[in-house]
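Before we start, here is the structure in question, set down as structure tokens.
The values are calculated or read from the model by the stated rules, or taken from the named source; none is laboratory data. Keep in mind that this is a model prediction, so the values were computed, not measured. A quick note on method: Cβ atoms are made from the backbone with ideal geometry, for glycine too, and the neighbour counts reach across all protein chains shown.
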Amino acid sequence: MSGKHIIVIGGGVIGASITWHFAKAGANVTVFCGERGGVATPNSFAWINANWGNPEPYFRLRIAAMAGWRRLSQAATGVNPQWCGSICYDLPPEGLEKFATEQESWGYGIERINREEILSLEPAIKNAPDWALKIAEEGMIEPRPVALALLADAEKLGASIHAGTEISSLALRDGRVIGVMTTDGVMEADEIVLAAGAETANLAATAGVTVPMSASPGLIIDTRPAPRMLNHIVVAPEMEMRQAPDGRIIASTSFNGTEPGVDPNATARRVFDDMCSRLVDGDRLELEGYRIGYRPIPEDGFSIVGRAKGVEGLYIAVTHSGITLAPAIGEFAAKEVLEGGSEPRLAPYRLSRFG
Ligand SMILES: Cc1cc2nc3c(=O)[nH]c(=O)nc-3n(C[C@H](O)[C@H](O)[C@H](O)COP(=O)(O)OP(=O)(O)OC[C@H]3O[C@@H](n4cnc5c(N)ncnc54)[C@H](O)[C@@H]3O)c2cc1C
């Protein structure tokens, strides 16, 4: 065990996973977060996958993270991913076949199913395609509850969590980040881990570190809880839907969420109407509301995880697909900070790649 005192900024799924892994390793960890449970995290579609046309190293990182969710569900209280699998037919047949061939060659568990099989698995789908891909090893999670569960578990392991506390800047001394500026003054630590989602770039800039990223909005809709209609994550052309354990159907036109446009109410209604038109008994569904999340997205779309260049004492973890990636980023980041060394699966995802 390391005797280091570490401060984590961020209580979304990434900060929560990192904190849990620090606490589990016996480290002295203090968390500061504005929102306990995150900002992007509660507004996520929350599909756990290695899908989606990724290059192989990113696919491998996502696979490690999927295994991480299985491990975390054993090791932490209240972490309950649903391994419901997905049924995907969002690409034209040639595109779907090309995607399937590539991912199969990397070992992904892809099965081609015909129309009859699709309907036996998902009887509520109207206009089912001739064939689709079934990916049994994918899942979903309720993102805010899981972030809260990881933080609560970390607290039991000794982590100290200050929610509702905004950090205004990082504190520097002699070219080293030595702490964070709170309303009560500077709190010092041996290392600072910045996992502040869309705010990461602004906070890093206070230490002179540039994190090239943007945050773009994505809208998802929720129905009122309904009797079970969907058994898998269904990924259709311009429509992704899943039914949460409480019966809500969550949908958007892409797994990144739908562009809200100038009238988010109208956009939500359009997504809802489109979704209902694709489901048997869809006309019985009722729209509960919509949520808009700002996705923290590094400039090239891939994660940024590792030590900041040019300044000591600062480790950065920001990513899109953070619901999928949280267990791997948490495990690898905690190990690198506590033990040194360099996790090879993170090598393509260092801040230094931006030059
Ligand atoms: C619409 C949508 C759909 C998505 N779908 C998926 C999906 O299907 N699968 C998937 O894997 N990913 C998906 N994502 C992405 C995923 O949700 C994010 O990558 C993930 O939630 C990021 O988590 P985070 O902890 O980095 O950030 P956040 O959840 O935003 O948490 C940031 C934390 O930092 C804190 N913070 C920020 N600034 C400060 C400050 N100055 N002082 C103190 N605390 C601060 C906040 O209060 C918060 O606690 C989706 C995102 C959106 C918006």
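Have a look at VAL8, VAL29 and point out the one that is over 14 Å from the mean Cα position of the chain (by Cα), within 10 Å of the ligand (Cβ to nearest atom), buried (at least 23 other Cβ atoms within 10 Å of the Cβ) and aliphatic (A, V, I, L, M).
Details: VAL29 fails: within 10 Å of the ligand (Cβ to nearest atom).
Of the residues listed, the single one that is over 14 Å from the mean Cα position of the chain (by Cα), within 10 Å of the ligand (Cβ to nearest atom), buried (at least 23 other Cβ atoms within 10 Å of the Cβ) and aliphatic (A, V, I, L, M) is VAL8.
Go through the residues of segment 231-241 one by one and say whether even a single one is more than 16 Å from the ligand (Cβ to nearest atom) and within 30 Å of SER120 (Cβ to Cβ). So that I can check it myself, show each step before the final result.
We begin by selecting, within segment 231-241, every residue more than 16 Å from the ligand (Cβ to nearest atom); these are 231, 237.
From what is left, the residues that are within 30 Å of SER120 (Cβ to Cβ) are 231, 237.
Within segment 231-241, one or more residues are more than 16 Å from the ligand (Cβ to nearest atom) and within 30 Å of SER120 (Cβ to Cβ).
Separate question: Give the residue that is farthest from MET66 (Cα to Cα), with candidates limited to residues of segment 96-112 that are of a type in the set (A, V, I, L, M, F, W, C) and crowded, with 18+ Cβ neighbours inside 10 Å.
Quick first cut of segment 96-112, residues of a type in the set (A, V, I, L, M, F, W, C) only: 96, 99-100, 106, 110.
Next, only the ones that are crowded, with 18+ Cβ neighbours inside 10 Å stay: 96, 99-100, 110.
Values: LEU96: 22, PHE99: 19, ALA100: 19, ILE110: 15 Å.
Checked segment 96-112; the qualifying residue farthest from MET66 (Cα to Cα) is LEU96.
Looking at ILE292 and the list (1) near the ligand (Cβ under 7 Å from one of its atoms); (2) in the same structural domain as ASN256 (by TED's automatic domain parsing), which single condition is not satisfied?
The failed condition is (1).
Sticking with this structure for a sec: Please work out which residue is nearest to the ligand (Cβ to nearest atom), limiting yourself to segment 36-78 and to residues that are closer than 21 Å to GLY95 by Cα and surrounded by 23 or more Cβ atoms within 10 Å (Cβ to Cβ).
The qualifying residue nearest to the ligand (Cβ to nearest atom) is ASN49.
Do we have THR165 as near the ligand (Cβ under 10 Å from one of its atoms) and part of a loop (DSSP other than H, G, I, E, B) here? Reasoning before the result, please.
Values: near the ligand (Cβ under 10 Å from one of its atoms): yes; part of a loop (DSSP other than H, G, I, E, B): yes.
Answer is yes for this residue.
Condition (residue is assigned to a strand (DSSP E or B), within 23 Å of HIS5 (Cα to Cα) and more than 10 Å from the ligand (Cβ to nearest atom)) applied to segment 145-154: is it met by at least one residue? Talk me through it step by step, then tell me what you get.
Taking segment 145-154 as the starting set, the residues that turn out to be assigned to a strand (DSSP E or B) are none.
Scanning segment 145-154 turns up no residue that is assigned to a strand (DSSP E or B), within 23 Å of HIS5 (Cα to Cα) and more than 10 Å from the ligand (Cβ to nearest atom).
Just wondering, is there one or more residues in segment 255-263 that are assigned by TED's automatic domain parsing to the domain that holds TYR58 and under 19 Å from the mean Cα position of the chain (by Cα)?
From segment 255-263, those assigned by TED's automatic domain parsing to the domain that holds TYR58 are none; that's our starting set.
No, segment 255-263 contains no residue that is assigned by TED's automatic domain parsing to the domain that holds TYR58 and under 19 Å from the mean Cα position of the chain (by Cα).
Could you please tell me which pairs satisfy a Cβ distance under 7 Å, a separation of 6+ or placement on different chains, a first residue in segment 26-52 that is closer than 16 Å to ILE250 by Cα, and a second residue that is in a loop (DSSP other than H, G, I, E, B) and near the ligand (Cβ under 6 Å from one of its atoms)?
Listed by first residue and then by second, the contacts come to ALA40/GLY12; THR41/GLY12; PHE45/PHE255; PHE45/GLY257; TRP47/PHE255.
A follow-up question, please. Among the residues of segment 169-176, are any within 28 Å of ALA76 (Cβ to Cβ) and surrounded by 13 or more Cβ atoms within 10 Å (Cβ to Cβ)?
no
For the list (1) more than 14 Å from the ligand (Cβ to nearest atom); (2) outside any strand (DSSP E or B), I need the number of the one condition that ALA201 fails.
(1)
Name the residues in segment 81-95 that are farther than 16 Å from HIS232 by Cβ and surrounded by 15 or more Cβ atoms within 10 Å (Cβ to Cβ), would you? Please lay out each step first, then the result.
Just the residues of segment 81-95 that are farther than 16 Å from HIS232 by Cβ, to begin with: 91-95.
Scanning segment 81-95 gives a single hit, LEU91.
Separate question: Any idea which of (1) in contact (Cβ under 8 Å) with a residue 40 or more places away in the chain; (2) farther than 25 Å from ALA67 by Cα is the one GLU117 doesn't satisfy?
(1)
Here are GLY218, GLY289, GLY257, GLY247: which of them is at pLDDT 95 or above and either of a type in the set (Asp, Glu) or touching a Phe, Trp or Tyr at 6+ places or on another chain (Cβ under 9 Å) (or both)?
Details: GLY289 fails: either of a type in the set (Asp, Glu) or touching a Phe, Trp or Tyr at 6+ places or on another chain (Cβ under 9 Å) (or both); GLY257 fails: at pLDDT 95 or above; GLY247 fails: either of a type in the set (Asp, Glu) or touching a Phe, Trp or Tyr at 6+ places or on another chain (Cβ under 9 Å) (or both).
Result: GLY218 is the single residue among GLY218, GLY289, GLY257, GLY247 that is at pLDDT 95 or above and either of a type in the set (Asp, Glu) or touching a Phe, Trp or Tyr at 6+ places or on another chain (Cβ under 9 Å) (or both).
Also, quick follow-up: Looking at segment 56-81, I want the residues that are under 13 Å from SER17 (Cα atoms) and have a partner that is of a type in the set (Lys, Arg) and surrounded by 15 or more Cβ atoms within 10 Å (Cβ to Cβ) with Cβ atoms under 9 Å, at least 6 apart or on another chain. Which pairs are those?
Listed pairs, sorted by first residue: ALA75/LYS24; ALA76/LYS24.
Kindly provide the set of residues from segment 227-238 that are buried (at least 19 other Cβ atoms within 10 Å of the Cβ) and in contact with a helix residue (DSSP H, G or I) (Cβ under 7 Å, 6 or more places away or on another chain), ordered by number.
HIS232
State whether the residues of segment 123-137 include one that is buried (at least 17 other Cβ atoms within 10 Å of the Cβ), under 23 Å from PHE22 (Cβ atoms) and within 16 Å of the ligand (Cβ to nearest atom).
Checking segment 123-137: not a single residue is buried (at least 17 other Cβ atoms within 10 Å of the Cβ), under 23 Å from PHE22 (Cβ atoms) and within 16 Å of the ligand (Cβ to nearest atom).
Out of everything in segment 207-226 that is closer than 22 Å to ALA40 by Cα and surrounded by fewer than 20 Cβ atoms within 10 Å (Cβ to Cβ), what residue ends up being farthest from the ligand (Cβ to nearest atom)?
Let us first name the residues in segment 207-226 that are closer than 22 Å to ALA40 by Cα, namely 210-224.
Next cut, surrounded by fewer than 20 Cβ atoms within 10 Å (Cβ to Cβ) only: 210, 212, 214-217, 222, 224.
Numbers: THR210: 17, PRO212: 16, SER214: 13, ALA215: 9, SER216: 9, PRO217: 7, ASP222: 12, ARG224: 20 Å.
This residue is ARG224.
Before we move on, is SER303 of a type in the set (S, T, N, Q) and either more than 16 Å from ALA64 (Cβ to Cβ) or more than 10 Å from the ligand (Cβ to nearest atom) (or both)? Please lay out each step first, then the result.
Details: of a type in the set (S, T, N, Q): yes; either more than 16 Å from ALA64 (Cβ to Cβ) or more than 10 Å from the ligand (Cβ to nearest atom) (or both): no.
No.
Please tell me if ILE192 is more than 10 Å from the ligand (Cβ to nearest atom), assigned to a strand (DSSP E or B) and assigned by TED's automatic domain parsing to the domain that holds THR267.
Details: more than 10 Å from the ligand (Cβ to nearest atom): yes; assigned to a strand (DSSP E or B): yes; assigned by TED's automatic domain parsing to the domain that holds THR267: no.
Taking the combined requirement at face value, the residue does not satisfy it.
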